[in-house]
Amino acid sequence: QVQLVESGGGLVQPGGSLRLSCAASGTIFTIDAMGWYRQVPGKQRELVASITSVGTTNYADSVKGRFTISRDNTENTVYLQMNSLKPEDTAAYYCKAALQKTYYSGPRDYWGQGTQVTVSS
């Protein structure tokens, strides 16, 4: 059993900051890439940022320079620091982890349940 639990969402004013966390727990052998996605009703889920096990990062153009992804491999946790938030950042944010449960199992993606971020005055 693997669980990804997100936290840190909420309501913030434009220009404000939030920090999202996502902790993976359960039977985990190794975690490769971890990432954050977001989705608004009626639209496809989109990649916000990702980070490999060695720290290589990738960002959507819309968040470059404002968001920072990081991870703590000892805690199986990924973070998303969001600064200078805009109303268009409002969405449900989901974390994803590509992981192996055992040495013999192939990697697969696991998703968190999502956390709502609302940017509004």
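Magnitude of the charge dipole for the chain, about its Cα centre and with charges confined to Cβ atoms of Lys, Arg (+1) and Asp, Glu (-1), is about 120 debye.
The modelled label-to-label distance for the pair Asn83/Ser120, using points 7 Å beyond Cα in the direction of Cβ, is 2.7 nm. For chymotrypsin sites (Phe, Trp or Tyr not before Pro), the sites in the range 69-121 that DSSP calls loop and that have at most 11 other Cβ atoms within 10 Å are Tyr103, Tyr104.
Of the solvent-accessible surface of the chain, computed with a 1.4 Å probe over protein heavy atoms with every protein chain present, carbon and sulfur atoms account for 47 percent.
Restricting attention to the chain, the count of lysine pairs at 8 or more positions apart or across chains with alpha carbons under 22 Å apart stands at 5. For the chain, the convex hull drawn through the C-alpha positions has a volume of 97 cubic angstrom per residue. Can you give the FRET efficiency to the nearest 0.05 for Gln113 and Val54, using r as the Cβ-Cβ distance and R₀ = 35 Å? Given R0 = 35 Å and the Cβ-Cβ separation, E is 0.80.
Report the local net charge at Gln81: Lys and Arg +1, Asp and Glu -1, summed over other residues whose C-beta lies under 11 Å from its C-beta.
Net of charged neighbours comes to +2.
The values are calculated or read from the model by the stated rules, or taken from the named source; none is laboratory data. Predicted model only: the values in this text are computed from it and were never measured. For neighbour counting, all protein chains shown are included, and Cβ atoms are generated from backbone atoms with ideal geometry for every residue, glycine included. Each accessible area value is taken on the protein alone, full model and side chains, heavy atoms only, with ligands, DNA and RNA left out. Shrake-Rupley method; radii C 1.70, N 1.55, O 1.52, S 1.80 Å.
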